[in-house]
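The values are calculated or read from the model by the stated rules, or taken from the named source; none is laboratory data. In this text, all values refer to a predicted model and were calculated from it rather than measured experimentally. Glycine gets a Cβ as well: all are built from the backbone with ideal geometry, and neighbour counts include every protein chain shown.
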Amino acid sequence: MSVSHPQHLAVIMDGNRRWATLKHKNYTDAYYQGVESAKRLVLSCKRYLIPYVSFFVFSTENWKRPRREVDFIVSLLSGKLRKHYNFYEQHDIKVVYSGFIDALGARSVQEINKVTQSTVNNGSITVNLACNYGGRNEIVRAVHRLIENECVPSHDSNSKEDVNTHTKDSSPTHSHTSVLDTLGVQQQSELLDELPRFTTPRVPKITESLLYSYFDQPSLPNVDLVIRTGGEKRISNFCLWQIAYSELYFTDVLWPDWQESDFESALQFYQSAKRNFGS
């Protein structure tokens with residue numbers, strides 16, 4: 001199947017530090033330029049009516065970088081979000097996020113929540129910021145959410161039998177075992193009804209769509225095109241579930257140098273692909 005434009009674009013913004021080395025500049029200059037590259041790409045997507053774009057801002061593995069650089073990236077994230085409110089409003093941009101942002105600190109969490117709330121009614125394009133994000137981590141967190149919300153206690157007779165067996169096999173010092181041993185059959189049954197945490201959980205039929213509904217941004221469609229700048233040819237744990245059938249575009253262009261012409265080259269690559277989705 002041939003599609004003229006992708007619906008969801010995912011970008012791995014690589015090459016910032018190499019750009020700084022080649023330009024004999026500080027790495028901070030590279031990241032500042034990278035923000036401008038991101039804005040150019042968002043506007044390109046809007047011109048081509050591409051409704052979703054995800055940026056790999058900070059990964060769960062990026063904590064391994066020098067502390068000074070990590071602190072700068074985190075502070076840049078919160079500072080630039082605040083600074084560009086007018087940009088989001090002017091271009092009708094809705095901002096959302098993926099990842100476990102609590103680890104980024106209270107200030108960053110506040111700024112991320114503020115910008116997502118203030119742009120919630122914008123609709124021309126949705127920009128997903130992947131912050132403290134890892135594809136494997138997102139899947140694990142989704143599974144935990146599913147278990148917490150879908151696996152409800154069962155109260156049938158079998159579950160009571162399981163509980164009784166469990167308590168009898170437990171250590172004599174277990175509080176519930178000692179209580180049960182002093183009660184009659186009817187009283188034991190009544191107590192077991194009040195102990196749902198020991199019952200066998202009722203597990204729903206887990207489908208792909210059910211699990212995906214517990215991802216960070218389940219309203220976003222799967223990724224059609226992944227762009228990675230900087231010359232490396234790997235995914236680096238980004239959107240592992242969402243890119244199952246994505247086209248992969250790798251370019252030697254360093255992220256701070258990204259221009260409209262580079263976007264057009266990526267789009268031409270995508271338009272030339274034949275997407276069969278396994279058929």
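Among the residues of the stretch 58-74, not a single one is closer than 23 Å to GLU260 by Cα, at pLDDT 95 or above and not small (Gly, Ala, Ser).
Being surrounded by fewer than 20 Cβ atoms within 10 Å (Cβ to Cβ), closer than 27 Å to VAL120 by Cα, among the acidic types (Asp, Glu) and out of contact with any helix residue (DSSP H, G or I) (no Cβ under 7 Å at 6 or more places or on another chain) is the requirement here; does GLU61 meet it? The answer is no for GLU61. Applying the criterion of at least 1 residues that are closer than 29 Å to SER246 by Cα and under 21 Å from the mean Cα position of the chain (by Cα) to the helices (runs of 4 or more DSSP H) found wholly in the stretch 1-84 leaves 27-47, 67-83. Of the residues making up the stretch 86-108, those that are surrounded by fewer than 20 Cβ atoms within 10 Å (Cβ to Cβ), in a helix (DSSP H, G or I) and either out of contact with any strand residue (DSSP E or B) (no Cβ under 6 Å at 6 or more places or on another chain) or among the aromatic types (Phe, Trp, Tyr) (or both) are ASN86, PHE87, TYR88, GLU89, GLN90, ASP102, ALA106, ARG107.
For the stretch 122-176, the tally of residues that are at pLDDT below 50 and either in a helix (DSSP H, G or I) or within 30 Å of LEU104 (Cα to Cα) (or both) stands at 15.
Give the residue, chosen from SER261, SER265, SER219, SER209, that is in a helix (DSSP H, G or I), small (Gly, Ala, Ser), closer than 30 Å to PHE100 by Cα and without any contact (Cβ under 8 Å) to a residue 40 or more places away in the chain. Just one listed residue meets the conditions, SER209.
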